[in-house]
Amino acid sequence: MSMFNRIFGKPKEQANSNALATLDKLNETLDMLEKKEKVLEKKAAAELERAKEFSKAKNKRAAIQSLKRKKLYEQQIEQLGNFQLRIHDQMIMLEAAKATTETVDALRTGAAAMKAMQKATNIDDVDKTMDEINEQTENMKQIQDALSAPLGASADFDEDELEAELEELEGAELESQLLEPVAATPVHPVQVPANRPATRPAPQKATAEDDELAALQAEMAL
């Protein structure tokens with residue numbers, strides 16, 4: 001058996017065993033008192049019936065004696081009721097104490113487990129592990145940088161010169177686009193079917209070339 005079990009195991013088991021045994025004993029006593037109470041209630045009821053019979057028979061002395069015995073039974077019944085209340089109260093207190101003991105024991109067990117885990121993992125080990133992780137991360141970053149570095153002739157190229165040359169090319173391309181003449185859009189004649197008049201477009205500002213084109217279209221439609 002481990003030291004932990006020697007410290008916490010036996011007291012807990014013994015306390016639970018004692019509590020359960022006590023509760024069982026109290027329950028047995030409570031059952032006995034309840035049974036005895038029922039017997040006394042029957043006796044008190046019987047004495048009351050005798051008193052009624054003696055009263056009808058004009059036997060006053062016997063009726064009074066029956067009522068006295070009834071009162072004695074009722075006193076015992078009241079006493080038994082008080083006993084039962086005391087037992088109920090003790091059972092409630094014992095169950096509450098048992099729950100408290102179990103709660104404290106559980107908290108003590110948790111605290112011991114936490115202490116054991118903290119002892120197994122101290123702050124120095126954590127710091128050492130984090131340093132190793134950071135070192136490995138830095139080494140991996142250096143390896144990746146070395147692998148991504150340019151090799152051979154491309155390593156001698158100047159990035160700034162390449163970017164400047166690219167800007168010159170883009171500027172020359174833009175200038176050539178601005179200097180190109182705008183191509184005239186060809187005008188295609190509109191053929192109008194012979195069986196219906198040509199539909200004229202919305203009136204626009206006429207020019208000499210437009211008038212000649214309109215006349216040519218009219219001649220072709222005839």
Next item on the list: Count, please, the residues in the stretch 131-144 that happen to be within 32 Å of the chain's Cα centre (by Cα) and open to solvent by 90 Å² or more (accessible area, probe 1.4 Å).
Entry: 0
Check: Given (1) surrounded by 10 or more Cβ atoms within 10 Å (Cβ to Cβ); (2) free of Cβ contacts under 8 Å to residues at least 12 places away in the same chain, where does residue 124 come up short, assuming only one miss?
Finding: (1)
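Residue-wise test of (1) free of Cβ contacts under 8 Å to residues at least 12 places away in the same chain; (2) polar (S, T, N, Q); (3) more than 16 Å from residue 81 (Cβ to Cβ).
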{"site": "27", "(1), (2), (3)": "no, yes, yes"}
{"site": "35", "(1), (2), (3)": "yes, no, no"}
{"site": "39", "(1), (2), (3)": "yes, no, no"}
{"site": "43", "(1), (2), (3)": "no, no, no"}
{"site": "46", "(1), (2), (3)": "yes, no, yes"}
{"site": "53", "(1), (2), (3)": "yes, no, yes"}
{"site": "56", "(1), (2), (3)": "yes, no, yes"}
{"site": "65", "(1), (2), (3)": "yes, yes, yes"}
{"site": "69", "(1), (2), (3)": "no, no, yes"}
Check: Quick check, is residue 112 within 25 Å of residue 17 (Cα to Cα) and surrounded by fewer than 12 Cβ atoms within 10 Å (Cβ to Cβ)?
Finding: no
Checklist line | Sole exception among (1) modelled with pLDDT of 85 or more; (2) charged (D, E, K, R); (3) within 60 Å of the chain's Cα centre (by Cα) for residue 52, by number | finding: (3)
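The values are calculated or read from the model by the stated rules, or taken from the named source; none is laboratory data. For clarity, every value in this text was computed on a predicted model and none was experimentally measured. Counting neighbours? That spans all protein chains shown, and the Cβs are built from the backbone with ideal geometry, glycine included. Accessible surface areas use protein heavy atoms only, side chains included; no ligands, DNA or RNA. Shrake-Rupley method; radii C 1.70, N 1.55, O 1.52, S 1.80 Å.
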